[in-house]
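Undergrad: Here you go, one structure.
The values are calculated or read from the model by the stated rules, or taken from the named source; none is laboratory data. Every value quoted in this text rests on a predicted model; they were computed, and no experiment measured them. In this analysis, Cβ positions are derived from the backbone assuming ideal geometry, glycine residues included, and neighbour counts consider all displayed protein chains. Please note that ligands, DNA and RNA were not included when accessible areas were found on the heavy atoms of the full protein model with its side chains. Shrake-Rupley method; radii C 1.70, N 1.55, O 1.52, S 1.80 Å.
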Amino acid sequence: MEIRYKSTRSDREAIPASQAILRGLSDEGGLFVPERIPALGRPLAELAQMDYRQVACEVMKLYLGDFTEEELRDCIAGAYDGKFDTEAVAPLAKVGDTYYLELFHGPTIAFKDMALSILPYLMTTAMKKNGVSRETVILTATSGDTGKAALAGFADVPGTRIIVFYPRDGVSEIQKRQMLTQKGANVAVVGVNGNFDDCQNGVKEIFGNKALGEEMARAGLAFSSANSINIGRLVPQIVYYVYAYASLLREGEIADGEPINIAVPTGNFGNILAAYYARQMGLPVKKLICASNENKVLYDFFSTGAYDRNRPFILTSSPSMDILISSNLERLVYETAGCDAQATAALMKSLAAEGSYRISEEMRARLAPFFGGFATEEEAARKISDTFARCGYVMDTHTAVAAAVADAYRRETEDGTKMLVVSTASPYKFAPSILKALSPEDEAGTAFDSVDTLARLSRMPVPAAVEELRDAPVLHHLHCEADQMEEQVRKLLAL
Ligand SMILES: *Cc1c(COP(=O)(O)O)cnc(C)c1O
């Protein structure tokens, strides 16, 4: 039976995967979730013999039931090709007693590439399947990495346009340059005087604006989302967890069926939710370690059952995790509420109105697979320098948050289960912060000075994605206040 998708906030009829991808959000502002989570279709030992693309097909066909296998194979072949600088696509590095799953080998050197290199293919295939003739306008809020990955994915894709909103002072210099130098006739980039939550709320409001939606339809346009609220982002992210386990098995690092722990540097809760889905599919995972930076709203949620965004927003050296409203948590809340859409809608209403909600004890009990932790700026920096000193391995600032929390988990629980840390960005993307951790006396100059110093220290090759930024011209100059985002969209679309 083909899996259909329903909203976390209503009991309306479920829709096929391709329609959920096109719509992004449900009409009531809910997120689409699969009616049930499928079991892995093949034994792990068989998956261990497959390459990334084959595993992707095996996993994704279970979720995207109204795509033919041929359509899926085409999407996968278009996405996971020479854009990735390694044949493995998502390679593992063994560093001391920890495995790092490197998800930064794509065109924009952060893990968002894993899903955003395939989303445009899924979306254009879904448009064809559903006879959509309207142009799709992708609206995206970014904390830094999604923006560039979505721009790169959708640039000059026929039938689509993309508008990206980013917090003007909340992204790294390299992230900003990556976005502002993006080519393509269908792309726009707008800096917002606000933080990521302002950008995300602005985009959600635009999606929810019925009058605007009708005007769009008259103009032959329709919105969709490339944020991780889109199920077309989430499904491709399940793949690399299955692939990582299969790789450990193939390399003889674990026995078939041996459980592992997975630590994920978390912001919007998309990446770790994909790990949770993989676990529910039967992947042998013991604990899902949810690692936050100093914006530790998720740590507090896991330790108290109360979600409360009413707190100062802290700018850290892991900007892609500087988030106080983790959108994808709604999918987990729905799951722990026993798939009760009314209960979920009520909690989300409270989040919108009061900035907080509390789940019941019964729901909390269902969070047992998770361990919440956080790392301070100092702890993350120390993890970067210690690991380099002891093992010669350089990790980025986001990955360091997860690695530090994984250490704390092992100390606290004495759980010796093998540990997979998800590595979400190339250290070069955040070179000044990495350098500050490794060698404070070298700090100074531009981001590119830091890149050069880091290259000298680490002897890691500088990725092409960074090299080509050095003299790329800046093509985008738009910016606005948080309450002018709709106006910007209207101008850009000539509405
Ligand atoms: C987006 C991002 C994260 C957070 O992932 P979520 O799915 O939002 O939890 C962590 N690290 C990096 C480098 C990112 O770009």
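Undergrad: Can you tell me the dipole magnitude for the chain around its Cα centre, using point charges on the Cβ only (Lys, Arg +1; Asp, Glu -1), in Debye to the nearest 20? All intermediate terms of the calculation are to be shown ahead of the outcome.
TA: Details: 51 positive and 65 negative charges, 130 e Å.
The dipole magnitude comes to about 620 debye.
Undergrad: Continuing with this model, one more query. Find how many whole Å separate the alpha carbon centroid of region 451-495 from the alpha carbon centroid of region 108-133.
TA: Cα centroid to Cα centroid, the span is 21 Å.
Undergrad: Another question, if that's okay. So which GluC sites (Glu not before Pro) in region 330-406 end up in coil per DSSP with only 10 or fewer other C-beta atoms within 10 Å?
TA: Nothing satisfies the criteria.
Undergrad: Indicate, rounded to the nearest 5 percent, the antiparallel portion of the DSSP beta bridges found entirely in the chain.
TA: That works out to approximately 25 percent antiparallel.
Undergrad: Can I ask one more? Per residue, how large is the accessible surface of the chain? Use a 1.4 angstrom probe and give square angstrom. Before the final figure, lay out the partial values.
TA: Working: 18540 Å² over 495 residues.
Using a 1.4 Å probe on heavy atoms only, each residue of the chain averages 37 Å².
Undergrad: Would you work out which of A400, A39, Y100 lies farthest towards the positive end of the dipole of the chain? Charges go on Cβ: Lys and Arg +1, Asp and Glu -1.
TA: A39
Undergrad: Report, in debye and to the nearest 20, how large the dipole of region 375-433 comes out about its Cα centre when Lys and Arg carry +1 and Asp and Glu carry -1 on their Cβ.
TA: Computed about the Cα centre, the dipole is about 240 debye.
Undergrad: So between E468 and R490, what do we pick up on full extension, going 0.36 nm a residue minus the alpha carbon distance?
TA: Result: 4.7 nm gained on full extension.
Undergrad: Put M123, M460 in order of accessible area, largest first, 1.4 Å probe: what do you get?
TA: Highest to lowest solvent-accessible surface, that is M460, M123.
Undergrad: Using modelled amide H (1.01 Å from N, peptide plane; none on Pro or chain starts), what sits under 5 Å from the amide H of G372, excluding residues fewer than 5 places away?
TA: Placed amide hydrogens put C290 under 5 Å from G372.
Undergrad: Under the rule a/c < 1.5 gives rounded, and otherwise a/b versus b/c splits prolate from oblate, where does the chain land using the Cα gyration tensor?
TA: rounded
Undergrad: For N209 and L475, calculate 0.36 nm times their separation in residues minus their Cα-Cα distance, and state this gained length in nm to one decimal.
TA: 92.8 nm
Undergrad: Here's something else I'd like to know. Could you tell me which of Q19, H477, G305 has its Cα farthest along the dipole of the chain towards the positive end, charges placed at Cβ (Lys, Arg +1; Asp, Glu -1), taken about the Cα centre?
TA: Going by the Cα projections, it comes out as Q19.
Undergrad: Between E441 and R218, take the C-beta separation as r, use R0 = 45 Å, and let me know the FRET efficiency to the nearest 0.05. If you can, show how the numbers build up before the last one.
TA: Numbers: r = 61 Å, r/R0 = 1.35.
That pair, E441 with R218, gives E of 0.15.
Undergrad: Put +1 on the Cβ of each Lys and Arg and -1 on the Cβ of each Asp and Glu in the chain; which of A263, Y409, A244 then has its Cα farthest toward the positive end of the dipole?
TA: So the residue furthest toward the plus end is A244.
Undergrad: Let me ask something else. What accessible surface, in Å², does a 1.4 Å probe find on H479, ignoring ligands, DNA and RNA and rounding to the nearest 10?
TA: Here the accessible area works out near 100 Å².
Undergrad: Here is a further query. Would region 69-208 count as rounded, prolate or oblate if I go by the C-alpha gyration tensor, calling it rounded below 1.5 in a/c and otherwise prolate when a/b exceeds b/c, oblate otherwise?
TA: Details: a/c = 1.97, a/b = 1.09, b/c = 1.81.
Oblate.
Undergrad: Using amide H atoms built in the peptide plane, which far-off residues or other-chain residues are under 5 Å from I138 H to H?
TA: Distant-sequence amide H within range of I138: R161, I162, I163, S224.
Undergrad: What does the accessible area of T417 come to, in Å² to the nearest 10, when a probe of 1.4 Å is used?
TA: 30
Undergrad: Using 1/(1 + (r/R0)^6) with R0 = 51 angstrom and r between the beta carbons of L457 and E13, what's the FRET efficiency to the nearest 0.05?
TA: 0.35
Undergrad: Counting only the heavy atoms of the protein chains, how much of D449 is accessible to a 1.4 Å probe, in Å² to the nearest 10?
TA: 70
Undergrad: A further question on this structure: Give, in nm to one decimal, the length gained when the segment between D51 and T304 is fully stretched (0.36 nm per residue of separation minus the Cα-Cα distance).
TA: Stretched out fully, the D51 to T304 stretch lengthens by 87.0 nm.
Undergrad: For region 383-495, rounded, prolate or oblate, judged on the Cα gyration tensor with a ≥ b ≥ c (square roots of eigenvalues), a/c < 1.5 rounded, else prolate if a/b > b/c?
TA: Here region 383-495 falls in the oblate category.
Undergrad: Also, quick follow-up: Kindly provide the trypsin sites (Lys or Arg not before Pro) of region 357-451 that DSSP labels as loop, not H, G, I, E or B, and whose Cβ sees at most 10 other Cβ atoms within 10 Å.
TA: Working: sites: R358, R364, R366, R382, K383, R390, R410, R411, K418, K429, K436; in loops: R366, K418.
Nothing satisfies the criteria.
Undergrad: Okay, next question. Please work out the Cα center distance from region 253-318 to region 404-427, rounded to the nearest Å.
TA: That distance is 11 Å.
Undergrad: For region 12-105, with only Lys/Arg (+1) and Asp/Glu (-1) charged at the beta-carbon, what is the dipole magnitude about the Cα centre, in debye rounded to 20? Please report the intermediate quantities before stating the final value.
TA: Details: 9 positive and 17 negative charges, 35 e Å.
With only Lys, Arg, Asp and Glu charged at Cβ, the dipole is about 160 debye.
Undergrad: Roughly how many percent of the accessible protein surface of the chain is carbon and sulfur, given a 1.4 Å probe and a whole-percent answer?
TA: It is 48 percent, rounded to a whole number.
Undergrad: While we're looking at this one, here's another question. Quickly estimate the mean residue ellipticity at 222 nm for the chain, helices only: each DSSP H run with n ≥ 4 gives -39500 (n - 2.57), and the total goes over all residues, rounded to 500.
TA: My calculation for the chain gives -13000 deg cm²/dmol from helical runs alone.
Undergrad: Moving on to the next point. With a Förster radius of 25 Å, plug the Cβ-Cβ distance of A185 and A88 into 1/(1 + (r/R0)^6) and report the FRET value to the nearest 0.05.
TA: Here the calculated transfer efficiency is 0.15.
Undergrad: I've got another one for you. Counting pairs of alpha carbon atoms under 8 Å apart in space and at least six apart in sequence, what relative contact order in percent does region 336-464 give?
TA: The value is 18 percent.
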